[in-house]
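A short reminder: the numbers here are calculations on the coordinates, not readings from a lab. What you see is a predicted model; the values in this text were computed from it and never measured. Backbone-built Cβ (ideal geometry, glycine too); neighbour counts: all protein chains shown.
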């Protein structure tokens with residue numbers, strides 16, 4: 001009976017397989033990049049080399065080597081290596097394979113179960129693996145592009161070790177391309193790359209090794225047949241025809257979404273307009289909702305600029321309205337104007353700190369009465385509340401009187417800085433004649 005599971009038996013890869021498949025590394029030494037995860041001296045490398053692997057979840061962007069690592073494990077282990085399709089699998093399928101692993105365990109043979117895109121399994125499917133992983137009936141090797149701390153059951157995750165893979169560097173991508181050009185499994189020296197073509201391939205890959213090799217293969221097909229004695233030169237034009245759009249990763253509503261919006265906000269807070277524009281461009285290019293971007297700027301305008309430049313909030317609000325009414329592509333200019341304004345504005349978090357301090361007092365301090373002279377004057381008996389001094393009756397437009405409840409002093413919450421417009425208003429807040 002055919003199932004979703006198959007014991008992996010490594011066979012020669014046909015030459016008509018995709019270049020990225022043909023060039024898949026066979027050993028850890030052939031794996032490019034990921035020195036932190038599986039380089040010399042790392043836990044994962046020692047575990048693979050000693051055939052003593054415990055359950056792991058490989059987490060990282062596409063094209064960083066998760067599947068390659070799984071195949072290296074398959075070729076390195078004495079255990080039975082089983083690969084699972086996470087698309088269309090059922091709990092009964094998993095239980096069937098767990099039963100087979102249990103029988104192998106009884107005979108003294110280990111089972112390694114590779115689950116690609118493990119986050120696609122629902123909670124019941126993931127739960128069905130718990131007992132088998134816990135009692136070592138099988139060793140789980142999960143792979144996912146999604147954050148496992150959100151997408152993998154915490155109980156299963158606590159029984160595994162998370163190994164994070166990072167985007168490949170430009171040097172890593174260039175090394176992959178050079179290998180593929182000359183390797184017998186790859187293009188066999190029948191092609192060479194113009195210098196600018198190599199740079200273009202690296203740039204277009206966006207740190208994705210699979211994407212880089214796919215683009216190289218397509219560019220070679222466009223360049224025409226070559227031989228080792230007379231290699232065909234792949235030009236930048238060939239590369240750009242093969243892959244006209246750069247592979248810049250962006251995942252709305254997932255980790256990268258939050259990482260990039262965080263970098264955007266921190267760049268505005270840090271008064272770096274160039275960085276703010278870069279992260280803004282990443283979001284625009286990734287198709288981020290412009291209203292989401294504008295809402296975050298409205299928050300930053302009060303949280304990080306505040307009364308040092310009150311106009312920042314108005315600019316951010318106008319950018320939101322522009323995003324709502326105009327939309328892409330024109331509203332990118334409005335967003336950029338607001339982002340650079342906030343980045344260049346003087347900074348103060350006194351407003352946020354002030355309201356948070358006041359809320360803390362309200363929630364944790366005593367319940368304080370309204371001073372009599374501030375109480376409402378429209379009820380019977382209010383004539384005994386004491387005299388309220390009406391500020392407009394005084395030449396300066398203000399008068400010294402108590403506004404806080406008893407037990408609190410002026411300056412308890414709002415502590416203005418000496419920056420921007422807030423420095424001017426500091427005098428008024430202290431009931432002094434403002435400086436000119």
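Of the helices (runs of 4 or more DSSP H) that lie entirely inside region 155-255, those containing 3 or more residues that are closer than 30 Å to residue 144 by Cβ, in contact (Cβ under 8 Å) with a residue 60 or more places away in the chain and under 30 Å from the mean Cα position of the chain (by Cα) span 170-182, 209-223.
Within region 127-140, one or more residues are within 27 Å of the chain's Cα centre (by Cα) and part of a helix (DSSP H, G or I). Just one of (1) part of a loop (DSSP other than H, G, I, E, B); (2) surrounded by fewer than 21 Cβ atoms within 10 Å (Cβ to Cβ); (3) in contact with a helix residue (DSSP H, G or I) (Cβ under 7 Å, 6 or more places away or on another chain) fails for residue 119. It is (1). Residue pairs whose Cβ atoms lie under 7 Å apart, separated by 6 or more positions or on different chains, with the first residue in region 64-86 and free of Cβ contacts under 8 Å to residues at least 12 places away in the same chain and the second crowded, with 20+ Cβ neighbours inside 10 Å and assigned to a loop (DSSP other than H, G, I, E, B), do not occur. How many residues are free of Cβ contacts under 8 Å to residues at least 40 places away in the same chain and farther than 23 Å from residue 52 by Cα if we restrict to region 136-154? Of the residues in region 136-154, 5 are free of Cβ contacts under 8 Å to residues at least 40 places away in the same chain and farther than 23 Å from residue 52 by Cα. Filtered by the rule that a residue be part of a loop (DSSP other than H, G, I, E, B), loosely packed, with under 14 Cβ neighbours inside 10 Å and at negative phi, region 389-398 gives 389, 390, 394, 395, 396. All conditions but one from (1) surrounded by fewer than 18 Cβ atoms within 10 Å (Cβ to Cβ); (2) in contact (Cβ under 8 Å) with a residue 40 or more places away in the chain apply to residue 104; the one that does not is (2). Just one residue in the set 329, 290 is surrounded by 14 or more Cβ atoms within 10 Å (Cβ to Cβ), within 28 Å of the chain's Cα centre (by Cα) and over 30 Å from residue 417 (Cβ atoms); that residue is 290.
Of the residues 295, 269, the single one that is touching a residue at least 40 places away in the same chain (Cβ under 8 Å), surrounded by fewer than 19 Cβ atoms within 10 Å (Cβ to Cβ) and closer than 30 Å to residue 323 by Cα is 269.
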